[in-house]
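Below you'll find the structure, written out as structure tokens, and then a few comments.
The values are calculated or read from the model by the stated rules, or taken from the named source; none is laboratory data. Everything quoted here is computed from the prediction, not taken from an experiment. Reconstructed Cβ throughout: ideal geometry from the backbone, glycine too, with neighbour counts over all protein chains shown. Ligands, DNA and RNA are excluded from the accessible area calculation, which covers all protein heavy atoms including side chains. Shrake-Rupley method; radii C 1.70, N 1.55, O 1.52, S 1.80 Å.
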Amino acid sequence: MKIYSSTLDHMFTSSAMIPSCDPHDQPGGIELIEQLTKNAHLIQEMVLDEILKRNSETEYLHDFMKGEREKDLFRDQVPIVDYDKVKPYIVRIANGENSNIISAKPIVELLTSSGTSGGQSKLMPSTIEELDRKTFMYNILIPVINKYVKGLEEGKGMYLLFIKPEITTPSGLTCRPVLTSYYKSRHFRERPFNLYNKYTSPDPAILCSDNCQSMYTQLLTGLIQRDEVLRVGAIFASAFLRAIKFLEDHWQELCYDIRTGVISSRVTDTSCIESVVGKILTGPNAELADAIESECKKHPWEGIIKRLWPKTKFIEVIVTGSMMQYVPLLEFYGGGLPLVSTMYASSECFFGINLRPLDKPCDVAYTLLPNMCYYEFIRLKDEEDDAGGRDSNTIVGAPAEEVVPLVDVELGCYYELVVTTFTGLYRYRVGDILKVTGFYNAAPQFKFVRRRDVVLSIDTDKTTEADLLKSISATKPLLSQLSLFLSDFTSFADTSTLPGHYVLFWELIPSTCTGTSKELEILLDTKVLEECCAVVESGLDSIYRRGRSRDRSIGPLEIRVVGNGAFDALMDFCLSRGSSVNQYKTPRCINSGDAVSVLDEKVIGKFFSQKAPHWDSY
Ligand code: AMP
């Protein structure tokens, strides 16, 4: 490896560019962050050098660079692409071709992203080395949080973590979500503090494939150890709220188990049982059951987290991006506990960490670590324009000044993230829109703005406008049975219920009469409209259907039929808020509570899906 400076040489002792990071060495960890951020530019150049050195002979790169390795040639010749351009290579690997068509290091598994392509999860390549890279990211988070919150090592963390199903490709490669892959690894079992028993969830409970048994067991062990718990969390805010809902439904049963010292018969997984009975659930404890019961009986459940886990210092969940919608509810249950979003990561690669973990959710910024992958940024001159504008598959020959490297992004500007990874993705558009909100040393810090094109999201689902249009169109034959057609629609993610659900506002016009609200009401056949809800759901992608059917993290889709003129009222509302008359288009998703109220006033019928959509695999 070319040596750039003695400090960096010391930091990166292998071509994987993963610095050693001892999570128990506080000053060492902080110093490492200093070095990484101060040398962001050099490290990025080293990362690209290394990736090109390794992979110049892959079919993918060779097509564009003819075996050359120059970084400028790469930036000049290799196109910026979406998943559709990568997919044929992934499919070939899945079908048994050698993975060296994209990566010199063997691809050992495919990670199923929550982003979809053609209704199915996108599959991201991964190598053995990646687990070390992820472990590095988790390790470096520890000195950061310890800098702001003292004494965490003196107690336990209640992190509610879950795995998801996996499948195998024809060539025998495993396809599974990135966190399932990590949780099943030695790296996770041997994670810092786990060896000292500092987490309340036993590994077998996290690894139990039945999410309901897993949740029950993790809550049981979390409640039993409540006096030792100093922090609680899950990955995303939606998952943590799901756990609160589960607790609301099952606290009596959980307390009964604690009172009697016998685990409920709902837990049948032997590894789960063995990890709890006699080890954490060691006998009847009426006093503890009474204390928990008395808190759970009090309504409302305001501050329940603080009441049940009184020593908790924060709730660690991602509350940025689409999870921002859950902040009010988390604040309610958390009773003022800080909400901590620690990292920004994806199946493609883990990207950045939050260096000020106690910042308010709206101020959270992530510092992208320069050794994780090679970053580039497509400048979005007008963030608003981008929503409809940049949806072609490839930007070939985009003006060079539109695409900038990590250290050249400008404060206050918006960018779409493009990555080149160690695992065979080259100039790949992740689909995330970020805004530069500051710098830490030479490393920019980004606020997560939104996912490109996504209009609706409750949990890990990401429904685009195109998905929504397609699935709504499929209801046309049903509506014509009622002599109705859809004249306009919009939607919103209703998270006031747990779980949240999609709401569609539909303006329906009768083809046989003038369409006053009274006439329309007569035509609204409940069975048919409920079927419309089900048809829309079955047309949404596999992540939505999994959330609805298997994980139950999404509630039944609702259609609210609005009377004539409702969408005119919405337009008037949008114009009053500054939309231009000439350019006005009905927004396919509304985020403002006021806009929802405008339409709600005109609702003449509400209908819910009565059956969960089919879901069986990726
Ligand atoms: P997946 O590919 O399913 O792993 O999802 C990764 C995506 O989740 C990212 O590309 C982001 O869109 C989103 N995401 C991950 N971390 C965060 C975060 N801290 N804040 C907001 N969105 C995030």
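Details
- Number of positions in region 362-376 that are open to solvent by 10 Å² or more (accessible area, probe 1.4 Å) and near the ligand (Cβ under 10 Å from one of its atoms): 0
- Test for residue 288: is it in the same structural domain as residue 149 (by TED's automatic domain parsing), assigned to a loop (DSSP other than H, G, I, E, B), more than 14 Å from the ligand (Cβ to nearest atom) and among the aliphatic types (A, V, I, L, M): no
- Residue match in region 472-492 (condition: open to solvent by 40 Å² or more (accessible area, probe 1.4 Å) and within 16 Å of the ligand (Cβ to nearest atom)): no
Conditions (1) touching a Leu at 6+ places or on another chain (Cβ under 7 Å); (2) in the same structural domain as residue 468 (by TED's automatic domain parsing); (3) among the hydroxyl-bearing types (Ser, Thr, Tyr), marked per residue:
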position	(1), (2), (3)
37	no, no, yes
41	no, no, no
47	no, no, no
50	no, no, no
59	no, no, no
86	yes, no, no
92	no, no, no
120	no, no, no
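- Inside region 14-33, residues that are surrounded by fewer than 20 Cβ atoms within 10 Å (Cβ to Cβ) and closer than 13 Å to residue 372 by Cα make up a count of 2.
- Helices (runs of 4 or more DSSP H) fully within region 165-224 counting 1 or more residues that are charged (D, E, K, R): 186-189, 203-206
- The set of residues in region 248-261 being closer than 10 Å to residue 292 by Cβ and open to solvent by less than 60 Å² (accessible area, probe 1.4 Å) consists of 251, 254, 255, 258.
- Odd one out for residue 123, checked against (1) over 25 Å from residue 215 (Cβ atoms); (2) within 14 Å of the ligand (Cβ to nearest atom); (3) open to solvent by 20 Å² or more (accessible area, probe 1.4 Å); (4) at pLDDT below 95: (4)
- Count - residues of region 436-445 that are surrounded by fewer than 20 Cβ atoms within 10 Å (Cβ to Cβ) and within 16 Å of the ligand (Cβ to nearest atom): 2
- Taking region 446-470 as the range and being surrounded by fewer than 22 Cβ atoms within 10 Å (Cβ to Cβ), more than 16 Å from the ligand (Cβ to nearest atom) and not basic (Lys, Arg) as the test, the residues that pass are 465, 466, 469.
- Candidate set from region 401-429 (those that are open to solvent by 10 Å² or more (accessible area, probe 1.4 Å) and farther than 13 Å from residue 375 by Cα); member that is nearest to the chain's Cα centre (by Cα): 414
- From the list 271, 322, the one residue that fits, being open to solvent by 50 Å² or more (accessible area, probe 1.4 Å) and more than 30 Å from residue 148 (Cα to Cα), is 271.
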